[in-house]
Amino acid sequence: MLYMQLNLLDIILLVSLTQGIIFGIAVLFGRLFNDLTIKYLGISVILISIIGIERWLNMWGFTVEYYFLDFFGDDVPWILLYFVPIVIYFLKSVDHRLANSRKLWFLTIPFVVFLFLNIIIDLDIDFGWIKAPFFVHNMYLIYDIEVYLAFAFSLALCSFSYFIIHKSKKTSNIKWLKRVWLFTFLLHFVWLSLVFTQETFFNTNKSIGYQLWIGVSFFIYFLIYRGMYQLNLVQNRAAIKELLERKNIPDSNAEKKKSITVNPMKNASEDEYISMLKWLMEKEHFYRNPDLDMETVANKIGISLSYLSLQIKLLLKTNYISFVNSYRINDVKSMLLDPEFKHYSILSIGLEAGFKSKSAFYSFFKKETGVTPIQFKNRMNKS
């Protein structure tokens, strides 16, 4: 039996591709990923996984034995469709003018056309329900056109995605979008390599196919266990920022926010400088900027860096980092106790409060409160 011939690598590849489908479905219908934009990337993961499983089943002859596997795997031209939701994801992520355009359905035309042609061929050859000699006689030509059109079509969409990302004026998640594009481009490159070596892959040298599909599996795992998590984090942070702005809480990271000007008196006392410092934190929320350094704050107040450091030490009995992080901790506490933020992850709240990394957030929070953020939230909810 065929399953007796499967090796460990076969099993690993099949499991990884199956997980891609399962995770994609979880993204579409799960509560964790509540942003519509993310769901387009989930759809793409499903399509890529389907293509991979079909190639795997084809390699082992399952599609010959079971017609429905042959039709839904090979005759449905998924390869003409898998990059479409990725493009839509990029368009929506950068708020492109075409993001909500009804004309995007045109991107599915190649898929629909070749699905129709493949059905016509199947109805003649496999069922004999119709006579379509032209399509049957040119069957292999149609299949070749489908493959090379998929190559050109996906390359065009990938190039278009590159330009809309790099020309975008949106900066909140542009670095992550570039990273996702790079990974999808590499996945696209690996897939095309498989297409052009498919004769070797299906016949004499399976090791080449294994190497290529290991690469595909790696990228699927990246999207599942790192990419989707990071993407959800980015979307959560964007939603939190928008919510804070709606609640009329100033955000020092907002691009269009009007810059404040602090003009200390020439003979201002030490207490007045500290008051200015607290005003920047409490009214303007400077602490939400993860890259906020003491020199920037000192310049804003109008004193030297060393003098500011001395005043914080003498009058506040602390250091600059602890002073700023204390505001971040209080901000996190407020959001954790606010029902409007209950749908967002604790990490995204911490990062939006100004912490630069997960480790810094959790470490300082526990140092200040004696408990982890989740323990704090659960304890407050019970009280």
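The values are calculated or read from the model by the stated rules, or taken from the named source; none is laboratory data. A quick note: this is a predicted structure, and the numbers were derived from the prediction, not measured. Positions of Cβ are generated from backbone atoms using ideal geometry, with glycine treated the same way; all protein chains shown enter the neighbour counts. These area figures cover heavy atoms from the full protein model, side chains too; ligands, DNA and RNA do not enter into them. Shrake-Rupley method; radii C 1.70, N 1.55, O 1.52, S 1.80 Å.
Based on what the data block shows, is Met335 assigned to a helix (DSSP H, G or I), touching a Leu at 6+ places or on another chain (Cβ under 7 Å) and touching a residue at least 40 places away in the same chain (Cβ under 8 Å)? The answer is no for Met335. Within segment 307-325, residues that are farther than 14 Å from Lys367 by Cα reach partners that are charged (D, E, K, R) and not in a helix (DSSP H, G or I) with beta carbons closer than 9 Å, at six or more positions or on different chains, in the pairs Tyr320/Asp293. Checked against the criteria, Ala239 does not count as at pLDDT below 75 and open to solvent by less than 40 Å² (accessible area, probe 1.4 Å).
Looking across segment 285-294, the residues that are of a type outside the set (A, V, I, L, M, F, W, C) and buried (at least 18 other Cβ atoms within 10 Å of the Cβ) come down to His285, Tyr287, Arg288. If we keep just the residues of segment 360-380 that are in a helix (DSSP H, G or I) and loosely packed, with under 15 Cβ neighbours inside 10 Å, which is modelled with the lowest pLDDT? By that ranking, first place goes to Met380.
Scanning segment 307-346 for residues that are surrounded by fewer than 19 Cβ atoms within 10 Å (Cβ to Cβ), under 21 Å from the mean Cα position of the chain (by Cα) and hydrophobic (A, V, I, L, M, F, W, C) yields no hits at all. Within segment 131-149, being under 21 Å from Val84 (Cβ atoms) and open to solvent by 60 Å² or more (accessible area, probe 1.4 Å) holds for Tyr143, Ile145, Tyr148, Leu149. Every listed requirement among (1) modelled with pLDDT under 90; (2) under 27 Å from Ile38 (Cβ atoms); (3) open to solvent by less than 30 Å² (accessible area, probe 1.4 Å) is met by Trp78 save one, (3). Looking at segment 347-359, which of its residues are open to solvent by less than 40 Å² (accessible area, probe 1.4 Å) and part of a helix (DSSP H, G or I)? Scanning segment 347-359 gives Leu347, Ser348, Ile349, Gly350, Leu351, Glu352. Regarding segment 162-175, can at least one residue be identified that is at pLDDT below 90, open to solvent by less than 50 Å² (accessible area, probe 1.4 Å) and in a helix (DSSP H, G or I)? So far as segment 162-175 goes, yes, one or more of its residues are at pLDDT below 90, open to solvent by less than 50 Å² (accessible area, probe 1.4 Å) and in a helix (DSSP H, G or I). Could you list, in sequence order, the residues of segment 96-154 that are among the charged types (D, E, K, R) and in a loop (DSSP other than H, G, I, E, B)? Matches in segment 96-154: Arg97, Asp126, Lys131.
Collect the residues in segment 83-107 that are open to solvent by 20 Å² or more (accessible area, probe 1.4 Å), among the small types (Gly, Ala, Ser) and under 22 Å from Arg179 (Cα atoms), keeping them in residue-number order. The answer is none; no residue qualifies. Just one residue in the set Tyr66, Tyr40 is open to solvent by 30 Å² or more (accessible area, probe 1.4 Å), at pLDDT 85 or above and within 30 Å of Ile11 (Cα to Cα); that residue is Tyr40. Within this structure, Val297 passes the test of being open to solvent by less than 20 Å² (accessible area, probe 1.4 Å), assigned to a helix (DSSP H, G or I), closer than 29 Å to Ala238 by Cβ and free of Cβ contacts under 8 Å to residues at least 40 places away in the same chain.
Only a single item in (1) under 16 Å from Leu47 (Cβ atoms); (2) free of Cβ contacts under 8 Å to residues at least 24 places away in the same chain is not met by Leu141, and it is number (1).
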